[in-house]
Amino acid sequence: MRLVLSTKHQCIAAAFAMAFGCTLDEMLKSLGHNGLERICEEEIPYCYRGFHPSEFATCCLTRGLSMTMIEKCPMMQHGNTLVDHSPLLGEDRFYESFEVDSGVVLGSLDLSGKLVGHAVAWDVATRKIFDPRGVIFDLCDLHANGFNPLQFFLIQRVCSHEGRESI
């Protein structure tokens, strides 16, 4: 995996670019936008369009890849009650999914008391986290610098349709 830098609130696009093995410019071209369009009256960076993970699912499909989301703290609606299922499922399953393959980790950064979304890439081959802010570190340091991981998007090559039974 090669480090792709982002200094313009495009870390999720940079993280997926690293996972796909392309440049940030190629990723933005594939998405058809740069995520920096102002779409509401919030302060920067909250005013920006940003990128929804669904956009990257489409990018995966066009590259013959699949994307599986594993949540650290999965929530589920039970009637009128929202229940955190992480105590029922165990948090280990989140980190164990990193052993399967490379992908992208979405979470939040605490910047001077304000939470801002952030994304990094995980490379299973080197067992390193690639942060678009220009840092490469070990998985055990994932929580460093105020990063709170929330979702892991596992990215895998999809088998060809030949010789495959449909579900």
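Values as computed for the structure displayed
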| read-out | value |
| --- | --- |
| Estimated FRET transfer efficiency (ARG133, ASN80; beta-carbon r; R0 35 Å; 0.05) | 0.30 |
| Rounded to whole Hz, the Karplus (6.51, -1.76, 1.60) HN-Hα couplings of segment 88-104, x for glycine and proline | 6, 8, x, 6, 4, 4, 5, 6, 5, 5, 5, 6, 6, 5, 6, x, 10 |
| Qualifying GluC sites (Glu not before Pro) in segment 1-96, DSSP loop, other Cβ atoms within 10 Å at most 16 | GLU37, GLU41, GLU42, GLU43, GLU91 |
| Of LEU106, ASN145, SER86, farthest towards positive along the dipole that unit charges on Lys, Arg, Asp, Glu beta carbons give segment 11-157 | LEU106 |
| Segment 28-151 - Debye-derived log10 I(q)/I(0), Cα point model, q = 0.14, 0.19 Å⁻¹ | -0.78, -1.32 |
| Using a Förster distance of 22 Å, the FRET efficiency for ASP141-LEU109 (Cβ separation, nearest 0.05) | 0.95 |
| Count of lysine pairs in the chain with Cα separation under 26 Å (8 or more residues apart, or interchain) | 5 |
| Amide hydrogen neighbours beyond the local backbone of SER108, cut-off 5 Å, H modeled | HIS118, ASN148, LEU150 |
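Quick note: the coordinates plus some simple rules give every number you see, no bench work behind them. In this text, all values refer to a predicted model and were calculated from it rather than measured experimentally. All Cβ positions, glycine included, derive from the backbone under ideal geometry; neighbour counts span all protein chains shown.
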